[in-house]
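Each remark here refers to the structure printed beneath this line.
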Amino acid sequence: MTETYPARGLPKRYDPAEAEPRLQAFWQREGVYHYAPGDGPVYAIDTPPPTVSGHLHLGHVYSYSHPDFLARFWRMNGYRVFYPMGYDDNGLPTERLVERTLGITVQQVGREAFIARCLQASAAEEQAYQQLWMRLGLSVDWRYTYRTIDTLARRTAQASFLDLYRRGLAYRQVAPTIWCPECRTAIAQAEINDLERESTFYTLAFRLSDGAILPIATTRPELLPACVAVFVHPADQRYAHLAGQQVAVPLAGRSVPLLVDPQADPAKGTGAVMCCTFGDAVDVEWWRAHGLPLRAIMGHDGRLTEDAGELAGLSVEEARRAIVAALAREVALLEQSPVWQSVRVHERCDTPVEYIVTPQWYVRLLDFKAELLAAGEQVRWHPPYMLARYREWVANLRWDWAISRQRTYGVAFPVWYCAACGTVLLADDADLPVDPTAQPPPRPCACGCADVVPEADVMDTWATSSLSPQIAGRWLEDPTLYQDVFPMSLRPQAHDIIRTWAFYTIAKSHYHFRTIPWTNIAISGWGIAGEGMGKISKSRGGGPMPPLEMIERYSADAVRYWAASTGLGKDAVINEDKVQSGAKLAIKLWNVARFSERFLAGGAPPEPNAAELSPADRWLLSRLQRLVRRATDALRDYDYATAKAEVEAFFWRELADNYLEMAKKRLYEGQDGAGARWTLHEALLTMIKLFAPLLPHITEEIYQGLFRVADGPVSVHIAAWPVPDARWESDAAERVGETLVEVATAVRRFKSEQGLALGAELARVHVSTSDAALAAALRTATSDLISITRARELVVDELAGAPDNAPTHGLRVAIARE
């Protein structure tokens, strides 16, 4: 590296609006965050590629700050940090962005034009994303930036698919599929959310063979034309004896069998339930288990098909109103009652899903649940309780992973189908990536037919982003790099995508490489707009203030301070007061550095001998070593919030409020000041380094102005992390120092009660203690006590007659104002 940052003192004023962009440009120019090939430990981060579906918000700033804290910590600990950035810009989310912002659909403009608009829109958004990340001060190595739609990503995803297919782990099947009528595509189980809403229970009059009414309650009467059976619980004494009978379906003019199954809930509705093809996942299971006929009445657009008879062409809501009216006319509607219902909806658009029979590509999961559970157990989860979410998800899987999407913009499947015999024809690995709609297969079908049908579906976006370690690590392009960084050290991500991104990445790594993709996973909470409110999102409003506006108002360091105030796994309210506290901390840090500059201008002072250190020096040095140990342990345990709280508390209480006031007399007068100057240098440099992962800009500015020449590295962010020096750790020194603080506190209380300024002089301070050894130590701290109390006369003596175990050693502080 070349030294392009001038060696100079500190400017009088720190302006983050000017300094932060300047420092960011300096870091980029110097390659401070570049991954360095070679020897030494590697810390590789599988950075979340943000989905390109709208503008980033403060929730993103919150969660993306967390891995940066860790990257900076490990970099200062001598690790070669691999910290790439990606953009998840293929698939449905980007399509929906284009449809929403440009008001166009692929049907309106055609496939090629729509894809071109998606590429343009995603490129523009990604430029804005990078601008925000750089302004926030993320220590990303931008040379390793990828897009999930770029050539390498498409090649990687297609190579993964071919490997899975050849090993029997990917298969195509015509079967009931979870379907989003709004997005008009199949989706996976992991893309479903439960949405609570008010609905209506309609109790319908089915008829038994003897004409008796069998009441059945349903929230979906529009599915009556698809009813193929009625189910009751085998232990339900009301109905079990009716098993095997035929039951007449109202309005349908046909009968269906009454069957028993333990999944029928006697406590729900009337206890008897109609099975339709398909109302929900249980209907699918019953259909398969009992060999029931298929009556497909739901179209891909969410409207009923011709098989629904008079309801054909109607939307679900229209069909429901029509059939309820018809049931009422036929006196087959027994009751209507309100009910609070949990509805399965597509997470992207909140549209209730349907279950439709379609041909789809799947990746096998259900046959490997035990292996995938075991793989998840090998990863270290931060916080540890998040592992339970992974376990619960895998244990409750009911579907293999549907990876095909009936959309336009995404990674193509590298397959064709023989027009004569239906054989699947695969692309050659050397040709990847391919577009089967524009390219022929590498060879004709073995049956001799030359005509092929290209696969028009695209892959689920998770099928690509689940390979983020391989894409970022350039598995197929740079084997040396990949060997260095995989398995990666860290996956940072939010808790709501454990079931998707974390799970699918673990599955892909297990299938392809028989190893875990990373050794640690750090789960962030959400940034939320207020207490009790859900997360803010790109598609539903971006929170109370755009992130760049917050940064420009208060500084990137202040916003990062807010992000560091809440630990992993916890949601954080977007709190402007907390951001302001970060700005105040930065100002105080700057003021302390400016005050210290005059005493540190000559560079690093030599270490003094023990006799030159006052009790205040020894107290601060001992406390400092223990702070370094606590902060380091916390960061090694991924607890940046505790590290931040510890360092900040030390800075305010020990250094700024007490030690500087104790040391001022020695610092200003010069006599016996060597110990104070050296202690101040050690403490401030250590503070700057401990704060550096959280507040990278203000710490860099101070480091450049005061410490770089003597410390050596061109940036604080590649300087050595502090290491505790056991020589200075002393319980006795801390006992004396805390007594000094007690005296100072008593004096401050007196001045406040008397209406005096804290800097006001006092005539006399008399300190008495029952502990002879403590009294002797305090007498050696006369300069420190005079400095912090501003007393013209200081007396320290032993308090006679007080027991040794008296509170605070029988400490008494007598103060004379005049």
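The values are calculated or read from the model by the stated rules, or taken from the named source; none is laboratory data. As the structure is a computational prediction, the values presented were derived from the model and not from experiment. With ideal geometry, Cβ positions are generated from the backbone for all residues, glycine too; neighbour counts draw on all protein chains shown. Accessible surface areas use protein heavy atoms only, side chains included; no ligands, DNA or RNA. Shrake-Rupley method; radii C 1.70, N 1.55, O 1.52, S 1.80 Å.
Some observations on this one:
- Nonlocal amide H pairs with VAL796, under 5 Å, H built at 1.01 Å: VAL767
- Residue among SER614, TYR146, CYS275 farthest towards the positive dipole end of the chain, charges placed on Cβ: SER614
- Percent accessible area from carbon and sulfur atoms, the chain, protein chains only, probe 1.4 Å: 50 percent
- Inter-label distance, nm, simple model (7 Å from Cα along the C-beta direction), GLU182/GLN439: 3.6 nm
- Residues ARG677, ARG166, sorted by accessible area with the largest first, give ARG166, ARG677 [1.4 Å probe; ligands and nucleic acids excluded].
- Charged side chains reduced to their Cβ positions (Lys and Arg at +1, Asp and Glu at -1) give the chain a dipole of some 640 debye around its Cα centre.
- Taken along its principal axes, the alpha carbon cloud of the chain reaches lengths of 108, 63, 45 Å, longest axis first.
- Rough spin-label spacing in nm, given labels placed 7 Å along Cα→Cβ, for GLN671 and GLN120: 7.9 nm
- Straight-distance crosslink candidates among lysines, where the alpha carbon sits under 18 Å from LYS578 and sequence neighbours closer than 8 are dropped: LYS570, LYS588, LYS644
- The residues of the chain present an accessible area of 40 Å² per residue when probed at 1.4 Å with all protein chains retained.
- Cα long-axis angle, helix 111-136 against the chain (0 to 90 degrees, to the nearest 10): 20 degrees
- For THR177, residues with placed amide H under 5 Å, excluding near neighbours: ILE356, VAL357, THR358
- Order by protection proxy (mean Cβ within 10 Å, highest first), peptides 168-175, 465-472: 465-472, 168-175
- Assuming charge only on the beta carbon of Lys and Arg (+1) and of Asp and Glu (-1), the dipole of the range 686-766 about its Cα centre is about 220 debye to the nearest 20.
- When only alpha carbons are used to place a centre, the range 86-133 and the range 589-613 end up 55 Å from one another.
- Of the peptides 640-647, 222-229, the ranking by mean beta-carbon count within 10 Å, highest at the top, reads 222-229, 640-647.
- A simple packing score, the average count of other Cβ atoms within 10 Å per residue, orders the peptides 83-90, 655-662 as 83-90, 655-662, with the highest score first.
- In degrees, nearest ten, helix 731-753 long axis to first principal axis of the chain (Cα): 90 degrees
- Difference of contour (0.36 nm per residue) and Cα-Cα distance, ASP451 to GLU761: 101.7 nm
- Residues whose amide H comes within less than 5 Å of that of ARG80, counting only those at least five positions distant or on another chain, are VAL42, TYR43 (H built at 1.01 Å from N in the peptide plane).
- Rounded to the nearest 10 degrees, the angle from helix 316-329 to the longest Cα principal axis of the chain is 50 degrees.
- Look at the dipole of the range 332-413 built from charges on Cβ: of TYR390, VAL345, THR358, the Cα furthest out on the positive end belongs to TYR390.
- Cα lying deepest toward the dipole's positive end in the chain, options PRO414, VAL795, LEU685, charges on Cβ: VAL795
- Counting only DSSP beta bridges whose two residues both lie in the chain, roughly 65 percent are antiparallel.
- The magnitude of the dipole of the range 434-576, with charges of +1 and -1 set on the Cβ of Lys/Arg and Asp/Glu and taken from the Cα centre, is near 380 debye.
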